Amino acid sequence: MDFAVNFKLMAKKNLLGYTKPQMNSLMVSLGEKPFRGRQLFKWLYHTRQYDFSLMTDLSKGLRDRLADDYEIRGMELERRARSTDGTEKFLFRLEDGHPVETVLIPEEDRRAVCVSAQAGCALACCFCATGTMGLVRNLTVGEIIGQLVFLRELYGSDCFSNVVFMGMGEPLLNFDNVVDVIRIISDSVGLGVSARKVTISTCGISPEIRRLADSGLKTRLAVSLNAATQEKRIRIMPIARTYNLENLMKALRYYTGRTGFRVTFEYILFEGFNDTVEDIDALSQLVRGIPCKINILAYNPVPGFAFKRPSDDKVDWFGRQMYPRAPAVTVRKPRGLDIGAACGQLAGRIDK
Ligand code: SF4
């Protein structure tokens with residue numbers, strides 16, 4: 001099937017992004033039984049059949065009516081780039097012209113795909129290229145799931161094992177759409193990837209962390225922490241003015257208590273800013289009593305930003321010092337640095 005975007009056909013409604021309940025309602029509106037919605041949902045997300053005429057368990061009349069008014073329209077790829085380490089970055093152009101990026105990261109034991117939840121971002125973290133764009137808008141369910149559907153068309157259904165909401169934007173500020181996407185991802189007749197293999201990474205939207213805890217989703221949570229005191233955090237993450245560290249840690253205690261899941265703290269090391277013995281003490285103190293893992297990673301330089309990347313030795317030293325003082329500590333290697341695909345580098349363009 002030709003999965004390319006055809007703007008001439010855009011008068012038809014795009015079914016990409018419809019949830020199972022929406023498919024069921026659609027079928028009822030067409031005078032069909034609701035279970036037909038599940039069949040259509042399975043064809044789209046599980047079987048990857050986008051041609052209505054080949055959806056053989058639907059009646060010929062229904063297939064014709066669907067083809068008259070609906071289509072399944074994928075994302076428009078503008079450019080892609082591959083890193084020397086195998087990481088691939090995809091730049092998509094949304095129908096209103098805005099760019100979003102997706103990163104596919106093959107590792108030894110898993111293949112993670114890093115998806116975007118917003119075009120741009122309002123939170124303006126001082127170390128992040130996306131933050132300089134400002135918020136354009138939330139992505140729709142179709143635009144988020146479309147990033148994953150595109151990769152499966154390119155590389156097959158098994159091309160990723162894990163999904164991380166760590167691309168452009170703050171996923172918890174697009175809560176309802178992100179939750180709908182996760183329900184499609186984790187449905188056995190959807191993408192069939194367990195919610196446990198999906199991670200939402202947030203900069204710390206406390207009320208939405210509580211909402212996630214109450215949602216019943218089995219999704220994992222990562223928090224981009226990067227500083228262990230309110231005074232330091234506020235200097236690099238303006239959102240800390242709205243949800244201060246104390247407020248955030250209370251929400252995380254609620255989350256871990258309610259779900260039984262541990263939380264992952266992402267701690268980006270900036271040379272001379274948050275990499276001292278005092279920072280280690282503050283970080284150990286902060287996470288005490290919280291079931292958690294700490295991921296330490298070196299800052300990935302972004303042109304025009306003042307922060308510097310610490311030496312590999314400094315990163316190792318920090319990791320070794322933290323190791324006995326937290327339940328679990330890992331030092332993460334940057335991926336896709338040479339193509340601007342590493343954490344904090346997504347700026348809506350591919351330069352090479
Ligand atoms: S780190 Fe995340 S929340 Fe902060 S500006 Fe970048 S995309 Fe937005």
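The values are calculated or read from the model by the stated rules, or taken from the named source; none is laboratory data. What you see is a predicted model; the values in this text were computed from it and never measured. Every residue, glycine among them, receives a Cβ derived from its backbone with ideal geometry; neighbour counts consider all protein chains shown.
Numbers for the structure displayed
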{"read-out": "Residues of segment 154-176 satisfying the condition of being within 16 Å of the ligand (Cβ to nearest atom) and either under 18 Å from residue 218 (Cα atoms) or out of contact with any helix residue (DSSP H, G or I) (no Cβ under 6 Å at 6 or more places or on another chain) (or both)", "value": "164, 165, 166, 167, 169, 170, 171, 172, 173, 174, 175"}
{"read-out": "Selection from segment 136-189 of residues that are outside any helix (DSSP H, G or I) and charged (D, E, K, R)", "value": "137, 158, 170, 187"}
{"read-out": "Filter pass, residue 217 being outside any helix (DSSP H, G or I), surrounded by fewer than 21 Cβ atoms within 10 Å (Cβ to Cβ), free of Cβ contacts under 8 Å to residues at least 60 places away in the same chain and not small (Gly, Ala, Ser)", "value": "yes"}
{"read-out": "Residue in segment 81-97 that is in contact with a strand residue (DSSP E or B) (Cβ under 9 Å, 6 or more places away or on another chain), loosely packed, with under 13 Cβ neighbours inside 10 Å and not hydroxyl-bearing (Ser, Thr, Tyr) present", "value": "yes"}
{"read-out": "Complete set of residues in segment 84-135 that are more than 16 Å from the ligand (Cβ to nearest atom), farther than 17 Å from residue 335 by Cβ and not in a strand (DSSP E or B)", "value": "94, 95, 96, 97"}
{"read-out": "Filter pass, residue 269 being surrounded by 15 or more Cβ atoms within 10 Å (Cβ to Cβ) and under 27 Å from residue 178 (Cβ atoms)", "value": "no"}
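Every residue, every condition in (1) within 28 Å of residue 117 (Cα to Cα); (2) modelled with pLDDT of 90 or more; (3) not assigned by TED's automatic domain parsing to the domain that holds residue 113, yes or no:
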| position | (1), (2), (3) |
| --- | --- |
| 309 | yes, yes, no |
| 312 | no, yes, no |
| 315 | no, yes, no |
| 319 | no, yes, no |
| 322 | no, yes, no |
| 330 | yes, yes, no |
| 344 | yes, no, yes |
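Results for (1) more than 16 Å from the ligand (Cβ to nearest atom); (2) aliphatic (A, V, I, L, M), shown as yes or no for each residue.
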site	(1), (2)
254	yes, no
266	no, no
288	yes, no
293	yes, no
297	no, yes
310	yes, no
316	yes, no
325	yes, no
